[in-house]
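Structure, as structure tokens:
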Amino acid sequence: MDTALLIWAKSTGLQWATIIMLLGLTMRVIQILLLGRATDLSEARNSDVMSAGIKTIFRRFVPPQGMLQKGLLVYLSGYIFHIGFFIVLLFFVPHIQLIDSTLGISWPGLRSSLIDAITVVTLLALIVLLLHRVWNPVLKLLSTPEDYLTWALTFLPLLTGYMAYHHMLFEYNTMLALHVLSVEALMIAIPFSKLSHMVTLFLARWYNGAIAGRKGVQS
């Protein structure tokens with residue numbers, strides 16, 4: 001049974017999750033582009049809006065001046081989580097092998113011991129972010145069930161992957177199947193939740209930067 005679940009998760013389940021994620025993200029982007037905006041009739045102070053938009057995309061990766069002093073732990077935890085998550089995703093050798101078998105492309109991976117350490121640090125960073133959300137009165141008031149669900153959907157693939165690698169809790173095939181299924185749940189949720197910001201943030205930042213650039217100001 002465990003082997004059958006793992007085979008299904010790595011084949012049919014992964015195929016459907018990929019299709020749903022890609023179609024959902026495509027529809028989300030098309031929906032945003034179709035919203036359009038009213039024509040700006042004011043005189044442009046800068047005609048190079050493309051460059052202004054691109055600069056804003058990268059500029060927003062740096063915290064605004066003074067914000068690090070106000071929330072150093074939260075900012076560091078956020079950066080650690082995002083960077084760590086993508087390092088584990090893209091540089092763990094079994095992940096690279098899966099991408100290679102699917103897309104025919106590969107690249108050098110990192111040592112398993114290093115990926116293991118990064119996974120632990122990333123999990124800790126996510127826990128810090130959750131505790132901050134729960135303990136901060138304002139953030140707690142603004143949080144919705146979706147915020148906690150997206151946190152769980154992001155946390156579980158890392159946790160189950162770590163547990164599968166160390167043969168913890170369940171038999172290996174069962175734990176690996178749970179890991180793959182948790183990844184697929186995350187993939188399916190991405191287009192229909194705030195997790196879609198992994199794509200839409202680039203559109204939003206470019207748009208804000210282009211509009212501000214047209215007015216001759218920096219965004």
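Read-outs throughout are calculated quantities, based only on the coordinates presented, and are distinct from any laboratory measurement. Everything numeric in this text was worked out from a predicted model, so none of it was measured. With ideal geometry, Cβ positions are generated from the backbone for all residues, glycine too; neighbour counts draw on all protein chains shown.
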Requested in this report: Grab the alpha carbons of region 75-157, take their convex hull, and tell me the volume per residue in Å³.
Outcome: 98 Å³
Report summary line: Here region 102-111 yields Karplus 3J(HN,Hα) values (6.51, -1.76, 1.60; θ = phi - 60°; whole Hz; Gly and Pro given as x) of 8, 10, x, 10, 8, 7, x, x, 9, 4
Report summary line: Taking the chain and counting helices only, DSSP H stretches of n ≥ 4 at -39,500 (n - 2.57) each over all residues, the nearest-500 ellipticity at 222 nm comes to -24000 deg cm²/dmol
Query - Proximal lysines relative to residue 55, as straight alpha-carbon distance under 26 Å, when same-chain residues fewer than 8 apart are discounted - result: 70, 194, 215
Report task. Calculate, in nm to one decimal, what residue 132 and residue 65 gain on full extension: separation in residues at 0.36 nm each, minus their alpha carbon distance. Result -> 22.0 nm
Query raised in the report: Cα centroid distance between region 69-109 and region 133-167, in Å?
Result: 17 Å
Query raised in the report: In the P(r) worked out for the chain, what percent of Cα pairs fall beyond 25 Å?
Result: 52 percent
Report task. Treat each spin label as a single point 7 Å out from the Cα along the C-beta direction, and report the residue 95 to residue 32 distance in nm. Result -> 2.2 nm
Report task. Run the numbers on the chain and let me know its relative contact order in percent, using alpha-carbon pairs under 8 Å that are six or more apart. Result -> 41 percent
Query raised in the report: Under the definition of Cα pairs under 8 Å and six or more residues apart, what whole-number percent is the relative contact order of region 1-113?
Result: 12 percent
Query raised in the report: Once Rh is set to the Kirkwood radius over Cα pairs, what Stokes-Einstein translational diffusion coefficient, in µm²/s, holds for region 11-103 at a temperature of 10 °C and a viscosity of 1.306 mPa s?
Result: 88 µm²/s
Query raised in the report: Rounded to a whole number of µm²/s, how large is the Stokes-Einstein D of region 124-219 at 37 °C and 0.692 mPa s, given Rh as the Kirkwood radius over C-alpha pairs?
Result: 206 µm²/s
Query raised in the report: Could you give the length gained on full extension between residue 194 and residue 75, defined as 0.36 nm per residue of separation minus the Cα-Cα distance, in nm?
Result: 41.0 nm
